[in-house]
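Notes follow once the structure below has been shown.
Read the figures in this text as sums done on the coordinates, not as results from a lab. Everything numeric in this text was worked out from a predicted model, so none of it was measured. In this analysis, Cβ positions are derived from the backbone assuming ideal geometry, glycine residues included, and neighbour counts consider all displayed protein chains.
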Amino acid sequence: MNNKLNKLGWVAAGALAVTMMFSGFQANGSKMATVDMQRILDESRAGKKVFDDLTNEVNLRQGLLEFLNTNKIVTADQANQLRTLTLKPAATQADKDAAEKLKSDIRAENKKFNDLMVKATLTDAERASFNEMNSRRQNTDNLLQQWSNEFSQDITNMREDKLASVLQKSRAAVTAVGKKEGYTIIFPTTVAVYAANDITDAAIKAVDETP
């Protein structure tokens, strides 16, 4: 998932840079500059915060999926409760404690299942319990696939929303720096084929100074 974050950053930065080249300024003279939009995303405080926030969201979801994959005897109610507690915005310590308690209960059930698996002879009650837990495992496999797809879409949506704000600030910063320094056109460094003044550092500073 982290690779997806990086790839999307490149795509978004490239798209904005091309837009700046064609519509940000009119070429009425010969004073030109370049800007590295990817560096603005990577090095500005706003860009770093977006990446950190998205990485945290990815890690929360990945951790949840990994736990369920290891402890598949979880019930549907337990899984949904754990999802709510794990992904709750601004989770309190009480929320975190509740999640850990729930995980402990699930691990205990998983141990019971593993113990029954290696037991030579099962009583009728044990066999019924084993079959019920085995059914949960199958249901969890389906749930894991469903949630994996949902989480991927969640991250994509969050990424687009968060990056849109940073890209808007970046565009405004590049425009402001360009006008202040009298440039008539600004090319992205990815397509510029000649030496020109690089305003990336000034643009990063401008983004950081934007509320």
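Panel note: the C-alpha atoms of the range 87-171, placed on their principal axes, show extents of 70, 29, 15 Å (largest first).
Residues Ser44, Ser152, Ser104, ranked from the fewest to the most other C-beta atoms within 10 Å, line up as Ser104, Ser152, Ser44. Exceedance of the 29 Å cut-off in Cα-Cα distance is limited, within the set Lys96/Lys162; Lys48/Lys103; Lys49/Lys88, to Lys48/Lys103. Note on Asp105 and Asn197: their simple-model spin labels are 6.6 nm apart, each label 7 Å out from Cα toward Cβ.
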